[in-house]
1. Based on what the data block shows, is THR21 β-branched (Val, Ile, Thr) and out of contact with any helix residue (DSSP H, G or I) (no Cβ under 8 Å at 6 or more places or on another chain)?
2. Does the stretch 44-67 include one or more residues that are assigned to a loop (DSSP other than H, G, I, E, B), among the β-branched types (Val, Ile, Thr) and at pLDDT 85 or above?
3. Yes or no: the stretch 82-99 includes at least one residue that is assigned to a helix (DSSP H, G or I), among the hydroxyl-bearing types (Ser, Thr, Tyr) and touching a helix residue (DSSP H, G or I) at 6+ places or on another chain (Cβ under 6 Å).
4. Is the stretch 91-111 home to any residue that is at pLDDT below 90, exposed (fewer than 15 other Cβ atoms within 10 Å of the Cβ) and β-branched (Val, Ile, Thr)?
5. Just checking, how many residues over the stretch 11-25 are closer than 16 Å to THR65 by Cα, part of a helix (DSSP H, G or I) and either within 8 Å of the chain's Cα centre (by Cα) or of a type outside the set (Asp, Glu) (or both)?
6. Do you know which residues across the stretch 1-55 are acidic (Asp, Glu), closer than 17 Å to GLU101 by Cα and open to solvent by less than 60 Å² (accessible area, probe 1.4 Å)?
7. Any residue at all in the stretch 28-45 that's closer than 21 Å to ALA88 by Cα, in contact (Cβ under 8 Å) with a residue 24 or more places away in the chain and in contact with a Gly (Cβ under 8 Å, 6 or more places away or on another chain)?
8. Output the number of residues of the stretch 1-26 satisfying the condition of being of a type in the set (A, V, I, L, M), free of Cβ contacts under 8 Å to residues at least 24 places away in the same chain and over 14 Å from TYR93 (Cα atoms).
Amino acid sequence: MDLPFSTEDLARLYRFALLLTGDERAAQQVLYDACADCAARLGSYRNEASRLACMLGSLRLKAKTVPPGEGKGIARAFATLPEEERAALAGLYIGLLPARELAEALKMSLEQMGRVLKSARERLDRSGMELGEPNLEQAL
C-alpha cells in the first residue's frame, strides 16, 4: 500500500487511533483498515490537510466499533470518554491539523469543538484527581 504520508504523520495517525481505542493491537488494526479504505482515493485530494482529514474520519469511524481498551489510570479515563470528546481531544493532542480543519474533519463547528474539548478536559481532570494522577497534559 503506497500512502502519501511521512513516517511522522503515520505515527501521529497511530497515536490518534491509540487514544481512540485505548489498545495497541486495536489501534494497529484500525490504522491498517483506515489506510486500506482511504488509499485509493487519497490521490484525488488537492492537499495534505484534505488527505489527513480523510484518514482521521476513517480512523474515527473504524474506532467506534472497537470496545474501549483496558488501560489504567488516566489512559483508561481517556478511553472511556464519550466518543465525540475522545475524538476531539485526541485530534487536538496529535496536532496533525489546525483547529478549524480538525473541526471540519470531525464534522463540528469550532464552537461545538470548543465545548466538547472543555467537557473532555473537565472529565479527565476529575478522573485524574480521583486517581491521584497528573493532569492530562502531564500524563500524555
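The values are calculated or read from the model by the stated rules, or taken from the named source; none is laboratory data. Everything quoted here is computed from the prediction, not taken from an experiment. No Cβ is skipped: glycine too gets one built from the backbone with ideal geometry, and neighbour counts run over all protein chains shown. Surface areas here come from the heavy atoms of the whole protein model, side chains and all, with no ligands, DNA or RNA. Shrake-Rupley method; radii C 1.70, N 1.55, O 1.52, S 1.80 Å.
1. no
2. We begin by selecting, within the stretch 44-67, every residue assigned to a loop (DSSP other than H, G, I, E, B); these are 44-47, 64-67.
Imposing the further condition that a residue be among the β-branched types (Val, Ile, Thr) reduces the set to 65-66.
Checking the rest, the ones that are also at pLDDT 85 or above come to 65.
Yes, because at least one residue in the stretch 44-67 is assigned to a loop (DSSP other than H, G, I, E, B), among the β-branched types (Val, Ile, Thr) and at pLDDT 85 or above.
3. Within the stretch 82-99, the subset assigned to a helix (DSSP H, G or I) is 83-94, 99.
Checking which are among the hydroxyl-bearing types (Ser, Thr, Tyr) leaves us with 93.
Within this subset, residues satisfying the condition of being touching a helix residue (DSSP H, G or I) at 6+ places or on another chain (Cβ under 6 Å) are none.
Checking the stretch 82-99: not a single residue is assigned to a helix (DSSP H, G or I), among the hydroxyl-bearing types (Ser, Thr, Tyr) and touching a helix residue (DSSP H, G or I) at 6+ places or on another chain (Cβ under 6 Å).
4. no
5. The qualifying residues number 7.
6. Within the stretch 1-55, the subset acidic (Asp, Glu) is 2, 8-9, 23-24, 33, 37, 48.
After this cut, where a residue has to be closer than 17 Å to GLU101 by Cα as well, the list is 9, 48.
Listed by number, the list holds a single entry, ASP9.
7. No, because not a single residue in the stretch 28-45 is closer than 21 Å to ALA88 by Cα, in contact (Cβ under 8 Å) with a residue 24 or more places away in the chain and in contact with a Gly (Cβ under 8 Å, 6 or more places away or on another chain).
8. Adding up the residues that qualify gives 1.
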